[in-house]
Amino acid sequence: MVHTQFDGLVGQDTAVALLWRAVDQRRVAPAYLFAGPQGVGRRLAAERFAEVLLTSGTRELSPALRRRIAQRNHPDLLWVEPTYLHQGKLIAAAQAAEAGLSRKSPPQTRLEQVRQIAQFLGRPPLEAPQAVVVIEAAETMAEGAANGLLKTLEEPGQATIMLLAPGPQSLLPTLVSRCQTIPFQRLNAADMATVLSRAGQDEILQHPQMLAMAQGSPGSAIAAYNQLQTIPAELISALHQPPRSLRQALEQARQVAKALDTESQLWLLDYLLNWYWQSYPAESPRWLPKLEAAKGYLRRFVQPRLVWEVMFMELWESQG
């Protein structure tokens, strides 16, 4: 039965039921919005749904075909990820991380990529009964790229397009109106444990801080734990309490700005927000707005060391 394709998807019964029903009733929509938090199974669901669509659900999926789809190596599957623009070339976030490229701004889904989608769908499918396009982090599309996608969504031809995003509010209403929304939920504690154990990440279950940051998202828990490993342990330990002197505030700001790139600094601020909220409940109402302000300045490309100096000095002064 078609729904067995979704066996690996934990805690998303509603999403699975909707997708299974669409295939079972032969009423697959031209476009879908997989709406929900990152790391709860949207990508896996897109892979599994692509498998069904690329085989029409009429024959058993071979391990070789599943590998091709997982590796994005099927001629009728186009998987679009946000990119960085580096030396005139578009580079996916994963490739940028592997190459050690500096990441001063978040990746985006760009107009050039939307045009590639139109070109891809301009030819008939080569092997499958239809083509499949998956757009990850669709919320990163600038308005020009989103408007460029509208016509393709209206007339995708022999294709189904899946957009993965946090929710309808993160996309242009005109895009949302052309998609059938499939809701994805945060996982409960039992389902979190199941997914992390299956992924060989049982050690994360021993880190309440990572689980609290993840808020029901196994993918976010894994990403947070991996990010934690990249930050010097002595630096994390030192930041577990606000600076006790002006000198310490300036020194910690220097260390953070020197050791971490901007994205890692943004993650560290999220980590400290969670840590202060749990460890200093009485002071957190005064402290947390200062960390939120620092995140805003970093996103606006203010000089990182200055951002941390101001924030740490304000935390130090607030203890007086």
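Every number here is computed from the coordinates shown, using simple stated rules; none is lab data. None of these values were measured; they are calculated from a predicted model. Cβ sites come from the backbone with ideal geometry, for glycine too, and all protein chains shown count toward neighbours.
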Given +1 on the Cβ of Lys and Arg, -1 on the Cβ of Asp and Glu, and no further charges, what dipole in debye does the range 192-320 carry about its Cα centre, rounded to the nearest 20? 260
Counting DSSP beta bridges with both ends in the range 2-185, the antiparallel % (nearest 5): 20
Measuring from centroid to centroid over Cα atoms, what is the spacing of the range 130-147 and the range 193-246 in Å? 30
Cα gyration tensor of the range 191-320, axes a ≥ b ≥ c as square roots of the eigenvalues: rounded (a/c below 1.5), prolate (a/b > b/c) or oblate? prolate
Reduced to Cα centres, the span from the range 250-299 to the range 61-77 in Å works out to 42
Would you mind computing, in nm to one decimal, how far apart the modelled labels at Arg67 and Leu172 are, each placed 7 Å from Cα along Cα→Cβ? 4.1
Taking the convex hull of the Cα atoms, report for the range 116-202 its projected area averaged over all directions, in nm². 7.9
Relative frequency of Cα-Cα separations exceeding 22 Å in the range 2-185, percent: 45
When the Cα atoms of the chain are enclosed in a convex hull and the volume is divided per residue, what value in Å³ results? 147
For the chain, give me the percentage of DSSP beta bridges that are antiparallel, rounded to the nearest 5 percent. 20
Separation between Cα centres of the range 150-168 and the range 1-41, rounded to whole Å: 16
FRET efficiency for Ala233 and Lys89 from the Cβ-Cβ distance with R0 = 51 Å, rounded to 0.05, comes out at 0.90
Any idea what the dipole of the chain comes to, in debye rounded to 20, about its Cα centre with Lys/Arg Cβ at +1 and Asp/Glu Cβ at -1? 520
Give or take rounding to whole Å, what are the principal axis extents of the alpha carbon atoms in the range 251-298, in descending order? 31, 20, 16
If unit charges are put on Cβ atoms (+1 for Lys and Arg, -1 for Asp and Glu) and the dipole of the range 188-275 is taken about its Cα centre, the option from His240, Leu205, Ala190 lying farthest towards the positive end turns out to be His240
Along the range 290-299, Karplus-curve 3J(HN,Hα) (6.51, -1.76, 1.60; θ = phi - 60°) to the nearest Hz, with x for Gly and Pro, reads 5, 6, 5, 5, 4, 4, x, 5, 4, 5
